[in-house]
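The structure appears right after this line, and notes come after that.
Laboratory data are not the source of any read-out in this text; all were calculated from the coordinates shown. The structure presented is a predicted model; accordingly, all values stated were derived computationally and were not measured. FYI the Cβ positions are ideal-geometry reconstructions off the backbone, even for glycines, and counts take in every protein chain you see.
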Amino acid sequence: MPAPVLLDARSAALPRTTGWERYARALVRSARAVGGIDTFNWGAANKVTHLLSDTVGLPWAARGRKLTYFPSYPPGATFPLARAAVTQHDATYWKLTGAASVQSDLYFRRLFERTFKAAAVIVTVSESSAADLGELTQRPIRIVSNVVTIDDVTPVPLSNPKPYFLAVGSIEPRKNLRGLAAAFDRSGLANQFDLLLIGRQAWGELPDGIRYLGPVEDPALRGAYEGATALFAASFYEGWGLPIAEALAVGTPVYCSDIPPFKESSQGSASAFFDPHSLDAMVDAFRAAAEPAPRPTPVNNYRPERQQAEFAAVLEEFAR
């Protein structure tokens, strides 16, 4: 007998380590804890099989279900949305002009706009994102938070010849890496510190002055957080701030953009905020971070139990 809820777990199977895939993998684990949920995995391998699964496999698997849950990407244009929960992580496409690639803007934005008109519920990851999305849709909006488990991982230390500041995120314009690199250069700290970046090569260019480490697995990521003098996050816009929450969970100082999602993901801790549009403000942040100071007490308000409870509440409301 099929379970009443089907979770589209294809993005959880992807090797990428961006926030969307990490979120999907956390939801698969939460689905096991909540119960009454089947997962759909077929078709993640390549674009051809993904298209077939969108148009044939997933609609077939969803027959008779009370709800089909999409944690990362909107369903294909042929999927009936009346009993679908669709996660939209942020409102980047609509809030920040030029922040998405042409492909994403032409394809994913249109699919999300379709879901805004017909989905049973729009799920997002933060109060800040819910407020932004509320300006775009009349559909119900509910929050199912991300999960932070980096503090459960055994760290693999990062070997670096100098002390370093760390940034974590994809290489794309909205991350403001160009501004971050310019501020680091102007700070006069390059002889004493390195500026390192962990993340995926998306559709932007890596500016000079940043040493790029590529994507890494969680043990190396925790080791990089713990070895960093501070985490820097200079995004112009986000839906939440997973690197901020992860850094704080292991006691790494955080210097980040003064935007609502980053204040939310700072979990009430003493993160230091700066204007991401001000080079002078970012220079001051680097110089402040370079001063010796005690490490903050680790804090983690995003344990798996929180997501499980929020996930179960959405299912109770929309999959009765």
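List of remarks:
- Principal-axis tilt of helix 304-318 within the chain, Cα atoms, nearest 10 degrees: 30
- Measuring between their Cα centroids, the stretch 235-269 and the stretch 43-65 lie 35 Å from each other.
- Once the Cβ-Cβ distance of Ala190 and Asp152 is raised to the sixth power relative to R0 = 56 Å, the FRET efficiency obtained is 0.95.
- Taking the Cα centre of the stretch 151-290 as origin and assigning +1 to Lys and Arg Cβ atoms and -1 to Asp and Glu Cβ atoms, the resulting dipole is close to 260 debye.
- Counting all C-alpha pairs of the chain, share separated by more than 37 Å (%): 17
- Gyration tensor verdict on the stretch 1-153 (Cα atoms; rounded if a/c is under 1.5, prolate if a/b is larger than b/c, oblate otherwise): rounded
- Degrees, to the nearest 10: 177-187 long Cα axis against longest axis of the chain: 10
- Working ranking of peptides 252-264, 183-195 by packing, defined as the average number of other Cβ atoms within 10 Å per residue, highest first, is 252-264, 183-195.
- Three-way shape label, the stretch 151-290, alpha-carbon gyration tensor, a/c 1.5: rounded
- Acute angle (nearest 10 degrees) that the helix 19-34 long axis makes with the longest principal axis of the chain, alpha-carbon atoms: 50
- DSSP beta bridges fully contained in the chain are about 0 percent antiparallel.
- Normalised size of the stretch 5-62, defined as Cα radius of gyration per 2.2 N^0.38 Å with N residues, equals 1.12.
- The Cα center of the stretch 107-148 and the Cα center of the stretch 275-320 differ in position by 20 Å.
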